[in-house]
Amino acid sequence: MAICVLVWASVVGFLLFLLVRFARYSDGDFTLQWLEWRGKKPEEELFGKVVWITGASSGIGEEMAYQLAKIGSRLALSARRENELERVKKKCLEISQLSDKDILIVPLNLTHRSTHESATSTVLKYFGRIDVLVNNGGRGQFSLFVDTSVDVYNAIMKINYLGTISLTKPVLNHMIERKQGKVVTISSALGIMGAPLVTGYCASKHALMGFFNSLRPELTKYPEISVINICPGPVQSQIVQNAFTEDLSKKHITFGDQFRKMTTERCVRLTLVSLVNNLKEAWISDQPYLAAYYLWQYTPTWAWWLLNLLGPKQIQNFKSGVDANASFF
């Protein structure tokens, strides 16, 4: 009897330890945490691989270029601003053993869908293959729906959703011919939950999740092709600065503090772990946001209650000209 009590006490104690550790230190879902510890390592899997990154001129895409360069991946870097891509390429060469021929700059606008097939041909002609496509390019949005022009919703869907699937199509055709490859899409926590002030952005990320989750079973006869969705929470990047507001001609001017957000370096590291271990979906965020993923997934009624509780304060902060989440930190 005493032994049984001791065993149960040990089990309960261990579960409490895991719960406390999750609440205080976790920055990725349970599967991702396990794979970071015991799974495949990016350094062992990505050396020499050809990786095409969109949105590579800033934020997550820029940091991903640096980490992959250090690993030894060969890179195709795309964004609208060619001068910024040159800057990123220069730093990649400075911090790695790559040579100039290992990095190709491919200027790309996701809204110019007629150019996506030729851009893909450029990368294939240069490297001969594409092992990994990282769909990272896109824009944010920060405004109240009642104030927002429909043109903003049209623009964000053209960039985040239609632009992404347009580029994916020719790349995926190539991967199907080779019977291998990885399509990695940087979605968002807002691809699986809702939030005020980001209705257009949230809709575009939900669309991406729906598309790629539906595409995945179409590829079951190609087991070496992986479709991977990455869902980061708040990350230190330029997404807020570049976000749409209620009008296409108006810039967002309230940026808020970045210190409370996950570092871009950590987000990219966990993304690469997800990539090499072929996770279909990865949740990446510091607390308390990570807990919200689980609430939304497993107890949606509680999640809606919490959202209704916090939403009005976020809107009040936004209208006052301060960061929407300022009061929660």
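Computed from the coordinates by the stated procedures, all read-outs in this text should not be read as laboratory data. It should be emphasised that the depicted structure is a prediction, and the values quoted were computed from it without experimental measurement. Positions of Cβ are generated from backbone atoms using ideal geometry, with glycine treated the same way; all protein chains shown enter the neighbour counts.
What does the convex hull of the Cα atoms of the chain come to per residue, in Å³, rounded to a whole number?
In the chain, the Cα convex hull volume per residue is 160 Å³.
For each of LYS101, LYS91, count neighbouring Cβ atoms within 10 Å of the residue's Cβ, then give the residues from fewest to most.
Ranking LYS101, LYS91 by Cβ neighbours within 10 Å, fewest first, gives LYS101, LYS91.
Using a 10 angstrom cutoff on alpha carbons, build the Gaussian network for the chain and name the most mobile of GLN236, GLN141, GLN97.
Highest fluctuation of the listed residues: GLN97.
7 Å from Cα along Cα→Cβ at both GLU84 and TYR126: what's the point-to-point distance in nm?
The answer from the label model is 1.8 nm.
Going by average Cβ density within 10 Å per residue, which order do the peptides 52-64, 215-227 take, highest to lowest? Display every interim value, and only then the final one.
On the way: 52-64: 25.2, 215-227: 14.2.
Top to bottom by mean Cβ count within 10 Å: 52-64, 215-227.
Compute the length gained on full extension between LYS70 and SER249: take 0.36 nm times their separation in residues and subtract their Cα-Cα distance, giving the result in nm to one decimal. Numbers along the way, then the final one.
Working: separation 179, 0.36 × 179 = 64.44 nm, distance 3.89 nm.
Extra length from LYS70 to SER249 when fully extended: 60.5 nm.
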